[in-house]
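The values are calculated or read from the model by the stated rules, or taken from the named source; none is laboratory data. Since we're looking at a predicted model, the values are computed, not measured. Cβ: placed from backbone, ideal geometry, glycine included. Neighbour counts: every protein chain shown. Ligands, DNA and RNA are excluded from the accessible area calculation, which covers all protein heavy atoms including side chains. Shrake-Rupley method; radii C 1.70, N 1.55, O 1.52, S 1.80 Å.
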Amino acid sequence: MLKALLAAASAALFVSVGAAAAEPAVVYRNATLIDGTGAAPRPGTSILVRGERIERIWKEGEAAFKLAPDTQVVDMTGKFALPGLTDSHEHLATPPNRRFAKAQMRRDLYSGITQVRDMADDMRNIADLSRATRIGELPGPDIYYAALMAGPSFFEDPRVQAASLGAKGGEVSWMQAIGPDTDMGLAVAQARGIGASAIKIYANLPGEQVARITAEAHRQGMPVWAHAAVFPATPGQVLAAGVDSVSHVCMLAYEASDQVPSQYHHRAAVQEERFGKGVNPKVAPLLEAMKANGVILDATVRIYAEMQGHPRSYCSLDLAARLTGQALKAGVTISAGTDGFSAPGAAFPALYEELELLVDRAGFTPMQAIVAATRNGALAVRKDPDFGTVEPGKLANLIFTTQDPSRDIRALRTLTLTVKRGKPFPRANFDPAADFSARNLEP
């Protein structure tokens, strides 16, 4: 019996090793590599992809090895290679609309976005979409999604009800109302049980509850993504709790307000008159703490452009851009998130708008904007990502453009090919007109 078991195990190992050895190999040859770290572009670079991962990178003429005869070679002379992009702030299912989500994910992928952070939605829907894109059933980015936690008074929000249909918002594992008597260990475990990548702390919680959630999430190995102000928790209290990332740059400005609003839905605008050209003295320590502790700022500058003139707007685009530029100068790690979608007829998704605003309004160089959407976007997902930069061992998530985006960020719009987990998605296979129709269908 033992011999039979050992023989079966040996055969299984042989099959496994043989299958790995048989994984297809592709070389993307002779591109200019912009690797996502901020390093200078490297012309004449070739990238060997085997299966889902990058196996080797070398400069043309320096390779001291032979490629297998069946290796596919794709000539990328004249092209620019970058890591796949990350949108660090999307909402794909509030309310759930599977047709819209599928079309949005397709447009994201064919525009170079190979992963997104979904920042709280109906997780029943998102978990299914995440599985479908992960196994290649649907074209789309990998989805890393959060379970939301907020104070009980927040759950009057109609978006919560839309994302909890058939159940009661605040009492489901993906959207939980947290109070002093909440069993925090159980609450976090329930979020983990639905496959959430992180806990998102949203609103209407005091600082001590933000700290309690964060401590338990970290104890169970989960990152914490939070609004920069949780109302009544101040930005300073949110950062003191030890969260891993904060969203919405203008929420940092509440640290300089006379009074931080007590609830998300009843918040006054920030006091913009207190922000001149220099860093506000009450905000400066926040930026220092974020740099020191590696907290990611998911700035979402474009949402402030979108909100201009809206009754619930609490901050101008001008202040949002200035605060983001100040955070950059202070050494804060900034990711590129959108918190919305571009117009249905737009050729590219909202992430392109965010990157262009970072350059045009917040003072980023094109290379700094690229890093925000690549390495930093990956770090917003987790501290040890296997994507976000082009290097051996990481996922083969790549994009190729015909013009140099490190000189002009709008050159991203010359994208010709996305590679996600080793699989190619040529931009030529994407029909924007069909996409427009699909994203306007009713569920």
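Values for this structure:
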{"read-out": "Percentage, to the nearest whole number, of Cα pairs in the chain over 31 Å apart", "value": "42 percent"}
{"read-out": "The stretch 276-329 - Rg (one decimal) and Dmax (whole number), Cα, Å", "value": "12.2, 36"}
{"read-out": "Cross-link table Lys277/Lys383; Lys66/Lys383; Lys329/Lys383; Lys59/Lys394, entries beyond 27 Å C-alpha to C-alpha", "value": "Lys277/Lys383; Lys66/Lys383"}
{"read-out": "Efficiency of FRET between Gln259 and Thr77 - r from beta-carbon atoms, R0 60 angstrom, step 0.05", "value": "0.50"}
{"read-out": "Degrees, to the nearest 10: 98-110 long Cα axis against longest axis of the chain", "value": "60 degrees"}
{"read-out": "The chain: calculated mean residue ellipticity at 222 nm from DSSP helix runs of at least 4, using -39500 (n - 2.57)", "value": "-9500 deg cm²/dmol"}
{"read-out": "Equivalent-ellipsoid semi-axes of the stretch 129-183, from the Cα gyration tensor, Å, largest first", "value": "28, 13, 9"}
{"read-out": "Percent of alpha-carbon pairs separated by more than 16 Å within the stretch 47-132", "value": "66 percent"}
{"read-out": "The stretch 240-352 - accessible surface per residue (Å², probe 1.4 Å)", "value": "39 Å²"}
{"read-out": "The chain - percent of accessible surface contributed by carbon and sulfur, probe 1.4 Å", "value": "55 percent"}
{"read-out": "Kirkwood Rh, Cα atoms: Rg over Rh of the stretch 235-364", "value": "0.95"}
{"read-out": "Cα gyration tensor shape of the stretch 330-418, rounded if a/c is under 1.5, else prolate or oblate by comparing a/b with b/c", "value": "rounded"}
{"read-out": "Filtered trypsin sites (Lys or Arg not before Pro), the stretch 308-393: DSSP coil and at most 11 other beta carbons within 10 Å", "value": "Arg312, Lys383"}
{"read-out": "With at most 13 other Cβ atoms within 10 Å, longest stretch of the chain clear of loop GluC sites (Glu not before Pro) (DSSP)", "value": "138-443"}
{"read-out": "Lys/Arg +1, Asp/Glu -1 at C-beta; the chain dipole; positive extreme among Gly207, Val238, Thr324", "value": "Thr324"}
{"read-out": "Principal-axis tilt of helix 284-293 within the chain, Cα atoms, nearest 10 degrees", "value": "40 degrees"}
{"read-out": "The stretch 12-165 - accessible surface per residue (Å², probe 1.4 Å)", "value": "41 Å²"}
{"read-out": "Two-decimal Rg/Rh across the stretch 217-307, once Rg and the Kirkwood Rh are taken from alpha-carbon atoms", "value": "0.96"}
{"read-out": "Label-point separation, Trp58 to Asp431 (7 Å along Cα→Cβ), nm", "value": "4.3 nm"}
{"read-out": "Kirkwood-Stokes translational diffusion coefficient of the stretch 168-236, alpha-carbon pairs, 37 °C, 0.692 mPa s, µm²/s", "value": "273 µm²/s"}
{"read-out": "Approximate spin-label separation Ala284-Arg99, in nm, with each point projected 7 Å along Cα-to-Cβ", "value": "5.5 nm"}
{"read-out": "Rg(Cα)/(2.2 N^0.38 Å) for the stretch 344-393, N = residue count", "value": "1.31"}
{"read-out": "Thr37/Ser313 FRET efficiency (R0 30 Å; Cβ-Cβ; nearest 0.05)", "value": "0.25"}
{"read-out": "Heavy-atom accessible area order for Ser335, Ser130, Ser153, Ser262, largest first, 1.4 Å probe", "value": "Ser262, Ser153, Ser130, Ser335"}
{"read-out": "Largest-first ordering by accessible area, 1.4 Å probe, given options His265, His310, His218", "value": "His310, His218, His265"}
{"read-out": "Alpha-carbon spread of the stretch 370-436, three principal axes, descending order, Å", "value": "38, 28, 23"}
{"read-out": "The chain - share of DSSP beta bridges that are antiparallel (%, nearest 5)", "value": "45 percent"}
{"read-out": "Per-residue ³J(HN,Hα) for the stretch 114-124, Karplus 6.51 cos²θ - 1.76 cosθ + 1.60, θ = phi - 60°, Hz, x for Gly and Pro", "value": "9, 7, 9, 9, 8, 9, 4, 7, 6, 5, 4"}
{"read-out": "Nearest-ten-degree value, helix 184-193 long axis tilted from longest Cα axis of the chain", "value": "30 degrees"}
{"read-out": "Hypothetical label at Lys277: residues of the stretch 326-361 whose amide nitrogen lies under 19 Å (7 Å Cα-Cβ projection)", "value": "326-330, 361"}
